[in-house]
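The values are calculated or read from the model by the stated rules, or taken from the named source; none is laboratory data. Because the structure is a prediction, the values reported are computed rather than measured. Backbone-built Cβ (ideal geometry, glycine too); neighbour counts: all protein chains shown.
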Amino acid sequence: MNGSELYYLVLSIGFSISIVALIAVIVSPKTNSNQFYLSNIEHLNPSMVKVVNLIGGDLLSLIPKKIQKQSIASKEVNDVFKASGNPWGVTKLEFLALRVAYGFIGGIIGILFSIFLKLSLMLAAIITILLIYLGWNKPISEYRKIADAKAKDFRRHFAEMLDYLTMIMGDGTYTFANAIEVVLPYLPESAVKFEFTKVTDSINAGMTVDGALNDLSSRLPSPALEAFINAVNNANTLNTPLDGLMRVQAKKSREDLVNELELIIQGLPTKTMLTIAPASILSMLLIFMVPVVVALISTL
């Protein structure tokens, strides 16, 4: 038996053992997953829901409790949950189960890919580990994308809300909290409306304005929002008018948005060239080389 045959024999045996082990874990009473069930599946991939409900509890049972607790309580998970607003509506344990399930599927795909392409053992191991990592990190990446989109949407509509607050608070009739409640129905559906609805709900539930705004800052961390909240809190403490503050903050918010758009516009030519350059070069080569090739053939 040569080295190539031995490699495929070892790879096939390893894969077969992993499948047998998976079946044994599923049927074993010690790793019963009947009690693990994703309760909120509206925003989840139906296929992943089936996978997690089938083997999620079994996979988690193979992870030591200490590691589970560390993963659930990690700063990375807390930050993405807070910044994204937990759009999937899952608990942190369910989120961990999703990460493990995605990693498991990534490992299976890596093994099958390696067998199908007959890769070397080293390359197969590298690809499989890479796919396991990408699968494990996929839920975190999705939450980060949602958090980034939410922050961009907030910046886009924040200046409009400040304009409304400036007009309403100009006569000194409304407090900041009351002015927000008046403004909210006139705002378009956006992260601004969603987040300031949370602010008013917190204030109505008994939280102070400072506390509600600080919670908003922790959900959407940005220097501009933090500066606005500090200015509002200071103005409330010193009992100074807020309409001028709103006007200044609205202007600054628009300037920040324009600067961000200018940076995007500056990068468009480079992105456009990176997209069309390969096709353009190939087309030019064909245009110049075809007549040369035809001329050479005609001389033969």
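At-a-glance table
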item	result
Scope the stretch 276-300; condition outside any helix (DSSP H, G or I) and either under 37 Å from the mean Cα position of the chain (by Cα) or modelled with pLDDT of 70 or more (or both); matching residues	none
Selected residue (only one of Tyr164, Tyr102 is surrounded by 14 or more Cβ atoms within 10 Å (Cβ to Cβ), of a type in the set (Phe, Trp, Tyr), in contact with a helix residue (DSSP H, G or I) (Cβ under 6 Å, 6 or more places away or on another chain) and farther than 30 Å from Lys193 by Cα)	Tyr102
Selection count, the stretch 55-76, where residues are in a helix (DSSP H, G or I) and surrounded by fewer than 14 Cβ atoms within 10 Å (Cβ to Cβ)	7
Elements of type helices (runs of 4 or more DSSP H) in the stretch 173-262, at least 2 residues being within 26 Å of Lys75 (Cα to Cα), under 23 Å from the mean Cα position of the chain (by Cα) and at pLDDT 70 or above	191-204, 209-219, 223-238
Tabulated pairs, the stretch 59-72, first without any contact (Cβ under 8 Å) to a residue 60 or more places away in the chain, second of a type in the set (D, E, K, R) and loosely packed, with under 13 Cβ neighbours inside 10 Å, C-beta under 9 angstrom, 6+ apart or interchain	Ser61/Lys30
